[in-house]
Amino acid sequence: MDDQTKCVHLTGDWEREFHSLVPPVHRGSTVVFPTVDAYQRRRESFYDGYSYGLYGTPTSRALEAQIAALDSGSRALVVPSGLAAIALTTLSCTRSGDRVLLPDNIYDPVRTFAQTFLEPFGVEVAYYDPLIGRGIVDLVEDNVRLIWVESPGSVTMEVQDVPGIVEAAHARGIMVAADNTWATPLRFKPLAYGVDFSVTAISKYFAGHSDVLMGAISVRDEGLYRRLRDVSRVLGYGVSPEDCSLVLRGIETLSVRLDRAETSALILARWLEQQPEVLEVLHPAFASHPGHEHWRRDFSGSSGLFSVILRPTARPRLASVIEALEFFSIGASWGGTKSIVAVIDPAPLRTVAAPDDRGPIVRFSLGLESIDDLKRDLENAFRLFAADKPHEVLPPLRHRA
């Protein structure tokens, strides 16, 4: 065999059995077949086998099976991002002349998707009060095909009556999709409450280390799964096997990370509630929070993400306070091992009700740092709100080796 051929044809017993605790990373765009007949019938393997690298590898299939199991679903599909999962779900259910209902607190990029893509192609979009519950039946017209829920909602964290919305929707033959990124299936399982599509931005808690972009859709119905796969194929959706491997690794510590983030978030949320600059803490576990009764009924716990509304008088010094934080990085995403803070000012866009403009909103995502360090960090930074007043300087934070 010539060296040029040896360069491209592997030799040796490299395919022999190898057992490991870690799923292997299967890279490859081209899937090869043993016969011409198998190649010509390759599309028969689109849903359950392997026909082309873009449509799945053993690594992505392992991840999809893991996500489906956690969601109590039968099938799952991974796609390039959480927004891609929302877009794919919506496009698989609608066509020109149909209508989609979105909660007014929906993840903001979904509004852009609706305005710049759905509406120009003839799909109507209407927004509803996220706390409407079974009253959503009054908004259901003959052309409504899909209702989205996001519970808790982006930034303002309202908890929706998902079972009530599902009951009202299914009575009219309408499907329901849920963005379950905040809770993950460890805290809430939408499919168990009748939701048709459970969507998660697994860039967040599933991956857990702020280094992966990916989304997932879980279903119980095989027909819906195949519909999703069909639409994903024409859109050219695919995911990296290396990224799938990172998510599979992240899932192994998901439970302990989520427990830690939940505990830290509750401690800091209660501390923030006592600060004079804080007008309101937006956390589903707080009894005063909108939809708290639904959270108590449907959820098994909370996560590490919550928001606070500051008093308007805090606005002039807010940037200085946030920039003084040592262990909270400023960023838009969340769900990783490191704590993140985001300032939302002005208030998020709302179209059903007026935006809550009582003061700037600050969203916190708690990571795995020591709760003592995080609390001391906030204490030091919040003292800057009263920088013109005499105060006792706290001792500096101590870094770990």
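Every residue in the range 290-337 that is hydrophobic (A, V, I, L, M, F, W, C), touching a residue at least 24 places away in the same chain (Cβ under 8 Å) and part of a strand (DSSP E or B), please.
L305, F306, V308, I309, L310, F328 - these are the residues of the range 290-337 that are hydrophobic (A, V, I, L, M, F, W, C), touching a residue at least 24 places away in the same chain (Cβ under 8 Å) and part of a strand (DSSP E or B).
Of the numbered conditions (1) assigned by TED's automatic domain parsing to the domain that holds V144; (2) at pLDDT below 95; (3) charged (D, E, K, R); (4) in a loop (DSSP other than H, G, I, E, B), R95 satisfies every one except a single condition; which is it?
Tallying (1) assigned by TED's automatic domain parsing to the domain that holds V144; (2) at pLDDT below 95; (3) charged (D, E, K, R); (4) in a loop (DSSP other than H, G, I, E, B), R95 fails exactly one: (2).
Just a yes or no: is a residue in the range 289-296 modelled with pLDDT of 95 or more, within 18 Å of the chain's Cα centre (by Cα) and either within 30 Å of Y55 (Cβ to Cβ) or not assigned by TED's automatic domain parsing to the domain that holds H209 (or both)?
Yes, the range 289-296 has at least one match.
Pull up the range 98-143, narrow it to residues that are assigned to a helix (DSSP H, G or I) and of a type in the set (V, I, T), then point me to the one that is surrounded by the most Cβ atoms within 10 Å (Cβ to Cβ).
Only one residue fits best here, namely I136.
Can you name the residue in the range 329-348 that is among the aliphatic types (A, V, I, L, M) and either modelled with pLDDT under 95 or surrounded by 16 or more Cβ atoms within 10 Å (Cβ to Cβ) (or both) and is also nearest to the chain's Cα centre (by Cα) among such residues? If you could, list the steps in order and put the result at the bottom.
Here is the first cut: in the range 329-348, the residues among the aliphatic types (A, V, I, L, M) are 330, 332, 340-344, 347.
Within this subset, residues satisfying the condition of being either modelled with pLDDT under 95 or surrounded by 16 or more Cβ atoms within 10 Å (Cβ to Cβ) (or both) are 332, 340-342, 344, 347.
Values: A332: 13, I340: 15, V341: 17, A342: 16, I344: 18, A347: 21 Å.
Among residues in the range 329-348 that are among the aliphatic types (A, V, I, L, M) and either modelled with pLDDT under 95 or surrounded by 16 or more Cβ atoms within 10 Å (Cβ to Cβ) (or both), the one nearest to the chain's Cα centre (by Cα) is A332.
Need the failing condition index for T351 against (1) more than 16 Å from A261 (Cβ to Cβ); (2) at pLDDT 95 or above; (3) part of a loop (DSSP other than H, G, I, E, B), just the number.
Unmet condition: (2).
Go through the range 20-42 residue by residue and tally those that are surrounded by 12 or more Cβ atoms within 10 Å (Cβ to Cβ) and part of a helix (DSSP H, G or I).
3
Looking at R16, is it exposed (fewer than 15 other Cβ atoms within 10 Å of the Cβ), in contact with a Ser or Thr (Cβ under 8 Å, 6 or more places away or on another chain), assigned to a loop (DSSP other than H, G, I, E, B) and not assigned by TED's automatic domain parsing to the domain that holds C244?
No.
The values are calculated or read from the model by the stated rules, or taken from the named source; none is laboratory data. The structure displayed is predicted, hence computed values, not measured ones. Cβ: placed from backbone, ideal geometry, glycine included. Neighbour counts: every protein chain shown.
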